[in-house]
Amino acid sequence: MEKIFIFDTTLRDGEQIPGACLNPREKLEIALQLERLQVDAIEAGFPISSPGDFEAVKTIAEKVKGPAIVALARAVPKDIEAAWEAIRKAERPRIHVFLPSSDIHIQKKFGTDRTKQLERGLEALKYAKSLCSEIEYSPEDASRTDPEYLAKVVEQVIAAGATVVNIPDTVGYAVPQQFGRLIAYLMEKVSDIDKIVLSVHCHNDLGLATANTLSAVENGARQVECTMNGLGERAGNASLEELVMAIKTRKDYFKYFTTVNTQEIMRTSKLVSRLMGMPVQANKAIVGANAFSHSSGIHQDGILKDRSTYEAIRPEDVGITEHAMVLTARSGRHALRQKISEMGYDFPEQEFEAVYNQFLTVADKKKQVYDDDVAVIVQDVIFAYLDDSKLYSLESYKMTTGNGEVPEARVRLRREGVLLEASAQGDGPIDAIFKSVDKIVGAYHKLEDFQVRAVTETKEAMGIATVRVAREGFRALGRGSSTDILEASAKAYVQAINRLQWLMLRTSETHHSDNGLSSK
Ligand code: KIV
Ligand code: ZN
């Protein structure tokens, strides 16, 4: 079994996506998570591109231990100097120099010829090597470069001191067999290629980035460049989670391994998605919301009998602890009972029937019933048995806000016939309302999730707010609706707090496990 080195470029190629710009603190947070994921190299940025990126790369180089910290540079001295300045304190610094090698780029972008371009690359590489011992060299647009010339470039950069040579499919033009043959050709033609690590960097314009990368691995590449969630320029890069899980799941075929801690994959994916503001498509391989959910009744039945029937990858291997099964009206009592028992609830027969009936009503309307829906149904049934005079209800709210003013809310709640009132300022009107409610209740609640959506598309749309709050290890959901989204949000928050308080009370009587509803 040979090791495949994982080079993560989420913070460089991934960050090139318009609007996905990260501040240095966010870049560090992702880099620390990549350290936990145990990638072999983190391309932390392109230091010459902006003072912010320089700072981010420098901080990552100082704080992240384990992986090589890589900084990108064009083949010009000022880029190489900035790259080196940013990473010199890293445990394992690496400068990554790139320069196009295809005729299209050489002629159209540089207006020069192959010989001069190669001289330029070698000169830059030697300068980088005088500063840093680990040097990666990328002939940009390699897959559209004349293979004979490419082999010459690779041979000469190895002779000049490159320790890693990367073959980029810059425009996502390659197809698997052909790209594999290119790698095999280089392995055969280039002397001393066994002295360096041959790398590939595939873009996904034809949706072939993962396939091209794996084909390159089968033909001799030992470093793969990739990003979390497949983010990157245009259609993105080969996705880290797909490559790593393909190699792990099909070790019978590939005979390679990586040292990535796959159980950190989901956490990393979520962090990257949240900080970059790039939602992951539901059907995305490995990390999409539906990647491990089973909706057909036949599949669900199979999964309940033996998970290997419909699961080639174990969800816990990528860090998913709860088993996601999307229920439908056809799922039946067995699947629903299993789901709510995974959530830590054990209902007596009569209450379970109430849950089941409500579940059927929701399933009729929605077709697919997700964990959050089941959570709401379960809570609704539990609350049907509750003495509601003990609950808080929203009486009214008032808001003072305006341009350049700090919003202030005054909220009135009623409980057991008593009117309770508090006011608070906040970062925004909703924050001010939630803080006022916290004051009345006398406890701080962590807001874990908050969403508002319009039910119709008119100006008078009904808004539905959903919140998830946490306190002392317990969690609860709340929903509220109104044509006024502030009121809908206030109602949702109050409902979540009622549920949370009740769950905290009920814990002494009933056992609850960690299920997204309540936990300890
Ligand atoms: O796609 C590409 O060619 C690159 C290089 C800088 C490696 O991102
Ligand atoms: Zn790229």
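A few comments on the model shown:
- With R₀ set to 41 Å, the beta-carbon distance separating N290 from F110 gives a calculated FRET efficiency near 0.35.
- Label-to-label distance for R36 and K270 is 1.0 nm, based on points extended 7 Å past Cα in the beta-carbon direction.
- Simple label model, 7 Å out from Cα along Cβ direction - R330 to M1, nm: 3.9
- Positive-end residue, segment 2-276 charge dipole about Cα centroid, Cβ charges, pick of I60, Q177, Y137: I60
- Helix 485-506 axis, angle to the chain major axis (alpha carbon atoms, nearest 10°): 80
- Label-point separation, A20 to L131 (7 Å along Cα→Cβ), nm: 2.6
- Net charge dipole, the chain: roughly 220 debye, given to the nearest 20, about the Cα centre with Cβ charges of +1 for Lys and Arg and -1 for Asp and Glu.
- The long axis of helix 265-276 is offset from the longest Cα principal axis of the chain by roughly 90 degrees.
- Antiparallel bridge percentage (DSSP; both residues within the chain; nearest 5): 50
- Net charge dipole, segment 327-453: roughly 280 debye, given to the nearest 20, about the Cα centre with Cβ charges of +1 for Lys and Arg and -1 for Asp and Glu.
- Whole-number D in µm²/s for segment 46-131 (Stokes-Einstein; Kirkwood sum over Cα pairs; 4 °C, 1.567 mPa s): 96
- When each of the peptides 329-336, 470-477, 199-206 is scored by how many other beta carbons lie within 10 Å of its residues on average, the order from highest to lowest is 199-206, 470-477, 329-336.
- Linear extension gain, E148 paired with E311, 0.36 nm per residue minus alpha-carbon span: 54.2 nm
- Positive dipole terminus of segment 2-276, leading residue within T112, A31, M276 (C-beta point charges): A31
- On Cα atoms only, tilt of 176-189 relative to the major axis of the chain in degrees: 40
- Full extension of the chain segment joining S481 with E218 gains 89.1 nm, where the gain is 0.36 nm per residue of separation less the Cα-Cα distance.
- Tensor-based shape of the chain (alpha-carbon gyration tensor, a/c under 1.5 rounded, otherwise prolate or oblate): prolate
- Of K63/K152; K58/K435; K78/K108; K129/K284; K251/K339; K339/K365, pairs whose Cα-Cα distance is over 29 Å: K63/K152; K58/K435; K129/K284; K251/K339
- Over the chain, relative contact order from alpha-carbon pairs under 8 Å, at least 6 apart, %: 9
- Cα shape, segment 258-317, gyration tensor, a/c 1.5 rule: oblate
Coordinate-derived values only; no laboratory data. Given the structure is predicted, the values throughout are model-derived calculations rather than measurements. We place every Cβ from the backbone using ideal geometry, glycine too, and count neighbours over all the protein chains shown.
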